[in-house]
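Novice: Shown below is the structure under consideration.
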Amino acid sequence: MTTPNHPLRVPVQQGPVYADLDLADLGAAEGRVSALVVHESSFGNTRTIAMAVAEGVAAALEGDASVALAAANRVEPEMTQSVRMLLVGAPTHAFALPRQSTREDAVRQGATGPVMSGVREWIGTLPVRSRDAMAATFDTRVELMRHLPGSAATSALKQLGRHGYRTVEHESFYVTGTPGPLLPGEEERAYAWGRRVATEMRAALAARTGR
Ligand SMILES: Cc1cc2nc3c(=O)[nH]c(=O)nc-3n(C[C@H](O)[C@H](O)[C@H](O)COP(=O)(O)O)c2cc1C
């Protein structure tokens, strides 16, 4: 994989981005975590994008708040209570969020990601918010299918809206084929997207709370 051009400011796990926390780690960070990037990935491309998004979010928040990055099947839903900004990403499967059958399909094509549970199931178990938290979503999808409607990100954003989140926007990042790789420049675009969306979310939250 090529080295991303966006500045990876800190080695993940040591700086403001807490990468791939297990439940105990996230518990320890609870109260401090105000931005959370949650992902699902079968072949690893969405995970790469999620890391770049998290770095962008951390850059936008400039140390004001901590940013956590974790796979959906490793975050207990109750631990999102202290989160004000939620960014969720998944690969597009069959024009929507993956489900168990499509994940199994991916594994038959060589994927190593989890099969039983991911973003779809995780959002379904989230406590309902009272518009006090904001959400944005992203996905990866095949470039040749760019013009077809329906994506994991649009499905996830709708689902989060039904769970009481203030939904901001969704974005797609592109792979050349089902297993990847990402198109050149997509990590940099994800970093810039995370940075911009977090800046907008912070301004909106500050306007609402007066700080
Ligand atoms: C079962 C299955 C269904 C898919 N359906 C779509 C689709 O509807 N549209 C699309 O653009 N890509 C589709 N893809 C390609 C995935 O979006 C691609 O594998 C994914 O972006 C790679 O991300 P990952 O490495 O995080 O798994 C599909 C892939 C699989 C395995």
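Novice: In region 92-102, which residue that is within 21 Å of VAL168 (Cβ to Cβ) and in contact with a strand residue (DSSP E or B) (Cβ under 7 Å, 6 or more places away or on another chain) is nearest to the ligand (Cβ to nearest atom)? Give the derivation first.
Specialist: Going residue by residue through region 92-102, those that are within 21 Å of VAL168 (Cβ to Cβ) are 92, 96-97.
Now narrow it down to the ones that are in contact with a strand residue (DSSP E or B) (Cβ under 7 Å, 6 or more places away or on another chain): 92, 97.
Numbers: THR92: 4, LEU97: 11 Å.
Restricting to residues being within 21 Å of VAL168 (Cβ to Cβ) and in contact with a strand residue (DSSP E or B) (Cβ under 7 Å, 6 or more places away or on another chain), the top hit is THR92.
Novice: Report, by residue number, each residue of region 177-211 that is crowded, with 19+ Cβ neighbours inside 10 Å, of a type in the set (A, V, I, L, M) and closer than 20 Å to ALA68 by Cα.
Specialist: ALA190, VAL197, ALA198, MET201
Novice: Still on this structure, please answer the following. Inspect all residues belonging to region 103-112 and state whether any of them is closer than 20 Å to LEU182 by Cβ, surrounded by 14 or more Cβ atoms within 10 Å (Cβ to Cβ), aliphatic (A, V, I, L, M) and near the ligand (Cβ under 8 Å from one of its atoms).
Specialist: Yes, because at least one residue in region 103-112 is closer than 20 Å to LEU182 by Cβ, surrounded by 14 or more Cβ atoms within 10 Å (Cβ to Cβ), aliphatic (A, V, I, L, M) and near the ligand (Cβ under 8 Å from one of its atoms).
Novice: Given ALA153, ALA204, which one is assigned to a helix (DSSP H, G or I) and modelled with pLDDT of 95 or more? Step through it out loud before you land on a result.
Specialist: Working: ALA204 fails: modelled with pLDDT of 95 or more.
Checking each option against the conditions leaves just ALA153.
Novice: Moving to a separate point now. Is it true that ASP105 is charged (D, E, K, R) and over 23 Å from TYR191 (Cα atoms)?
Specialist: Details: charged (D, E, K, R): yes; over 23 Å from TYR191 (Cα atoms): yes.
Judged against the criteria, ASP105 is a match.
Novice: THR125 is checked against (1) surrounded by fewer than 19 Cβ atoms within 10 Å (Cβ to Cβ); (2) within 21 Å of GLU187 (Cβ to Cβ) and fails just one. What number does that condition carry?
Specialist: Going through (1) surrounded by fewer than 19 Cβ atoms within 10 Å (Cβ to Cβ); (2) within 21 Å of GLU187 (Cβ to Cβ) one by one, THR125 breaks only (2).
Novice: When only residues in region 109-143 that are part of a loop (DSSP other than H, G, I, E, B) and among the β-branched types (Val, Ile, Thr) count, which is farthest from ALA156 (Cα to Cα)? Let's see the steps before the verdict.
Specialist: So in region 109-143, the residues part of a loop (DSSP other than H, G, I, E, B) come out as 109-118, 125-133.
Still in the list and also among the β-branched types (Val, Ile, Thr): 112, 115, 125, 128.
Values: THR112: 22, VAL115: 18, THR125: 13, VAL128: 15 Å.
So the residue we want is THR112.
Novice: Based on what the data block shows, is THR80 near the ligand (Cβ under 8 Å from one of its atoms) and in contact with a Pro (Cβ under 9 Å, 6 or more places away or on another chain)? Talk me through it step by step, then tell me what you get.
Specialist: On the way: near the ligand (Cβ under 8 Å from one of its atoms): no; in contact with a Pro (Cβ under 9 Å, 6 or more places away or on another chain): yes.
Against the criterion (near the ligand (Cβ under 8 Å from one of its atoms) and in contact with a Pro (Cβ under 9 Å, 6 or more places away or on another chain)), THR80 does not qualify.
Novice: Continuing with the same structure: State the number of residues belonging to region 188-211 that are more than 30 Å from THR125 (Cβ to Cβ) and in contact (Cβ under 8 Å) with a residue 24 or more places away in the chain.
Specialist: Within region 188-211, residues that are more than 30 Å from THR125 (Cβ to Cβ) and in contact (Cβ under 8 Å) with a residue 24 or more places away in the chain number 2.
The values are calculated or read from the model by the stated rules, or taken from the named source; none is laboratory data. Computed from a prediction, not measured in an experiment: that's the story for all the values here. In this analysis, Cβ positions are derived from the backbone assuming ideal geometry, glycine residues included, and neighbour counts consider all displayed protein chains.
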